[in-house]
Amino acid sequence: MKTLDTNRKYYFQKEKTMFKGIDLSSDTVTQPSLPMRKAMFDAVVGDEQKNEDPTTSELQEKASKLFGFDHAIFLPSATMANEIAIASLCNPGDALIAAENSHLFVAESGGPAVHAKVICRPIPTATGLFTQNQLENYHYWRRNIHSPVARLISVENTTNFGGGIPWPKDELNKIVRYAKEMNINLHMDGSRIFNASIQTELSVKEICDGFNMVTVCLSKGLGCPMGALLVFNKNDYDKVVHLKHLMGGAMRQSGIVAAAGIYALENNILRLKDDHENALFFVNNLSKFSSHIKVINSPPVTNIVLFDWISEKFSAEKFDEYCLEKKLRFSRIEKNRFRAVTHLDITKDDVIAADKIIHDILA
Ligand SMILES: *Cc1c(COP(=O)(O)O)cnc(C)c1O
């Protein structure tokens, strides 16, 4: 089986120098803070693969309690957590139902097809949210021998490429009820679940209620250099730890990074509301450029802003180039669409400076 396209030219191979400036391309670009590094420096470590790393165990216990699940495991990335969840909750040939613009489908290099051999059923949605009614369109699958079994529904909370939208609790409840009724497993890609929790004022425990597994990313708004958690219950334990090992996710002195996770859970959650305020502030500033820039998710509710370049002045590609020249970076996620993400290394002054740069480019 040939799964790697070795002729592919990867973007990152061209980008060898680190970007320095106002980086709104993602909330993954944060640098670990001094107190976080201090916690890492002081971490007591052991061999995680033998379950002998006390700091990793502490993080896992803390997380399982916080989320209200039997277990939490520490993993190198949220991508790996997602892939383990899918592969442990589905059989080959089963259908995985998720939003068409979900990270699972658009940003994991085809992982669901490779690791879990599932058939992907993307639900059309611009926001990343979908409804019970849309799920019911898949209902007929379960009724005859020709159809793949609808085995797993995955919801992304908040929706990354849908504009950082948290799922409303009543919509989540409907999905959970429907999945139980249809005997379908539930996974939440909660890479930004703390942004959802802060915005909706629901605890992460309440948000995850009824789900089989939840992915939590530590290297987004929480500011860790790497790492993620997968939370789940005891019936799934054997499958999950087997897949973790199989995928190379078993680690050694991982407490060095787990310490950053503990620090983040204790210190970096409540401050996410600053990121939400900065995103809103950025969008309010953008309104004066309305003949050039159209904000898609106005007002933004968490830390992600999507905007389209609609200007006649020059192309989106040029706008991107001019911004980079002036040390301002967004991520360009479609031909004319940009994503701006606020995070703990972006201050209100940075947002003001970003606004000034756009102003200068347009002048
Ligand atoms: C970033 C992200 C991931 C992957 O996280 P990594 O830790 O970078 O692998 C998965 N899902 C969503 C929604 C994300 O935003």
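The values are calculated or read from the model by the stated rules, or taken from the named source; none is laboratory data. Keep in mind the model is a prediction, meaning the values are calculated, not measured. Cβ placement follows ideal geometry from the backbone for every residue including glycine, while neighbour counts extend to all protein chains displayed.
At-a-glance table
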item: Given (1) within 18 Å of the chain's Cα centre (by Cα); (2) assigned to a helix (DSSP H, G or I); (3) over 29 Å from residue 256 (Cα atoms), number of the condition residue 211 does not satisfy; result: (2)
item: Subset of the stretch 319-343 (residues that are part of a loop (DSSP other than H, G, I, E, B) and buried (at least 19 other Cβ atoms within 10 Å of the Cβ)); result: 330, 342, 343
item: Residue, nearest to the ligand (Cβ to nearest atom), within the stretch 214-228, restricted to residues that are touching a Pro at 6+ places or on another chain (Cβ under 8 Å) and outside any strand (DSSP E or B); result: 219
item: Failed item in (1) free of Cβ contacts under 8 Å to residues at least 12 places away in the same chain; (2) assigned to a helix (DSSP H, G or I), with residue 248 passing the rest; result: (2)
item: Condition check for residue 235: surrounded by 16 or more Cβ atoms within 10 Å (Cβ to Cβ) and not hydrophobic (A, V, I, L, M, F, W, C); result: no
item: Test set (1) over 17 Å from the mean Cα position of the chain (by Cα); (2) more than 14 Å from the ligand (Cβ to nearest atom); (3) not in a helix (DSSP H, G or I) - residue 231 fails condition number; result: (1)
item: Test set (1) more than 18 Å from the chain's Cα centre (by Cα); (2) in contact (Cβ under 8 Å) with a residue 24 or more places away in the chain; (3) more than 16 Å from the ligand (Cβ to nearest atom); (4) surrounded by fewer than 24 Cβ atoms within 10 Å (Cβ to Cβ) - residue 273 fails condition number; result: (1)
item: Qualifying position, being within 16 Å of the ligand (Cβ to nearest atom), in contact with a Ser or Thr (Cβ under 7 Å, 6 or more places away or on another chain) and touching a residue at least 60 places away in the same chain (Cβ under 8 Å), among 59, 104, 96; result: 104
item: Within the stretch 145-185, considering residues that are of a type in the set (S, T, N, Q) and modelled with pLDDT of 95 or more, the one farthest from residue 210 (Cα to Cα); result: 160
item: Residue in the stretch 284-303 that is within 20 Å of residue 328 (Cα to Cα), assigned to a helix (DSSP H, G or I), assigned by TED's automatic domain parsing to the domain that holds residue 353 and under 19 Å from the mean Cα position of the chain (by Cα) present; result: no
